[in-house]
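The structure under discussion appears below in the form of structure tokens.
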Amino acid sequence: MKNKEAYHHGNLQKALLYEGLKTLGQKGEDGLSLRELAKRCGVSVAAPYAHFKNKDEFIYALQDEVMRKLVEKLEITRTKYCEEKSILIEMGMSYVLYFVENPHHFSLLFSKSEHVQAVLWQEDSGKNPAFDELRKAAEPILSHFGVPQVAQHNILLAMWALVHGLAAIVCLHDIASRLREDPEALHSLRNILTVFSGPEPQ
């Protein structure tokens, strides 16, 4: 009863999201059930519905939580390497490594959201915060090399497409687990991103 009261009067919503991400890694999206998550949190099966109207709303909340975690990782990288020539490589690696560590997050985040469409159709900034982090890192470099403003988005899109595509690949089958165990494979992945190093200033 003590745990149940703690969740009710504390942060049941946060606990449900935490358990939801754990379940996602163990059973996949089809294994998500608000009823089962309620049991794991030690609350009544009705309690989650005080925070989420249905499973779809819970999935959207999980997507937001995954995006928050991804953006947090990218922000840390951008701050750490803001003065380094390798910043775009590091940003790309951070993006891909997030999904190496959490391959089950990829399909959750991008299969039922507008994040990809927001980038492709140049919609309002903020609909894909992860892309915005890449943009914040790349725009000063592109401006330094005199890339016209109208061309910058296309270059950014190409950069993001490479990084996003690599992230999609590492989530296939057991590729992510191999990368976690094989430093040489991880180094090969990094070599692909050296295309971001660009030309030396004239």
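The values are calculated or read from the model by the stated rules, or taken from the named source; none is laboratory data. Source: prediction; values computed, not measured. In this analysis, Cβ positions are derived from the backbone assuming ideal geometry, glycine residues included, and neighbour counts consider all displayed protein chains.
Tabulated results
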{"quantity": "Complete set of residues in the range 170-184 that are loosely packed, with under 15 Cβ neighbours inside 10 Å, in a helix (DSSP H, G or I) and not polar (S, T, N, Q)", "calculated": "Arg178, Glu181, Pro183, Glu184"}
{"quantity": "Near pairs, Cβ below 7 angstrom, 6+ apart or cross-chain, from the range 148-164 (free of Cβ contacts under 8 Å to residues at least 24 places away in the same chain) to any residue that is β-branched (Val, Ile, Thr)", "calculated": "Ile155/Val147"}
{"quantity": "Breaking point among (1) among the basic types (Lys, Arg); (2) in a helix (DSSP H, G or I); (3) surrounded by 16 or more Cβ atoms within 10 Å (Cβ to Cβ), for Lys127", "calculated": "(2)"}
{"quantity": "Subset of the range 79-99 (residues that are surrounded by fewer than 17 Cβ atoms within 10 Å (Cβ to Cβ) and either in a helix (DSSP H, G or I) or free of Cβ contacts under 8 Å to residues at least 12 places away in the same chain (or both))", "calculated": "Thr79, Lys80, Glu83, Glu84"}
{"quantity": "Search result, residues across the range 26-43 that are loosely packed, with under 13 Cβ neighbours inside 10 Å and either modelled with pLDDT of 95 or more or not basic (Lys, Arg) (or both)", "calculated": "Gln26, Gly28, Asp30, Gly31"}
{"quantity": "All positions within the range 100-114 that are modelled with pLDDT under 85 and surrounded by fewer than 17 Cβ atoms within 10 Å (Cβ to Cβ)", "calculated": "Ser111, Lys112, Glu114"}
{"quantity": "Near pairs, Cβ below 7 angstrom, 6+ apart or cross-chain, from the range 168-182 (assigned by TED's automatic domain parsing to the domain that holds Gly92 and closer than 16 Å to Leu24 by Cα) to any residue that is of a type in the set (Phe, Trp, Tyr) and surrounded by fewer than 14 Cβ atoms within 10 Å (Cβ to Cβ)", "calculated": "none"}
{"quantity": "Test for Leu74: is it aliphatic (A, V, I, L, M) and modelled with pLDDT of 95 or more", "calculated": "yes"}
{"quantity": "Positions within the range 58-78 being farther than 19 Å from Gly28 by Cβ and either more than 14 Å from the chain's Cα centre (by Cα) or assigned to a loop (DSSP other than H, G, I, E, B) (or both), in sequence order", "calculated": "Arg78"}
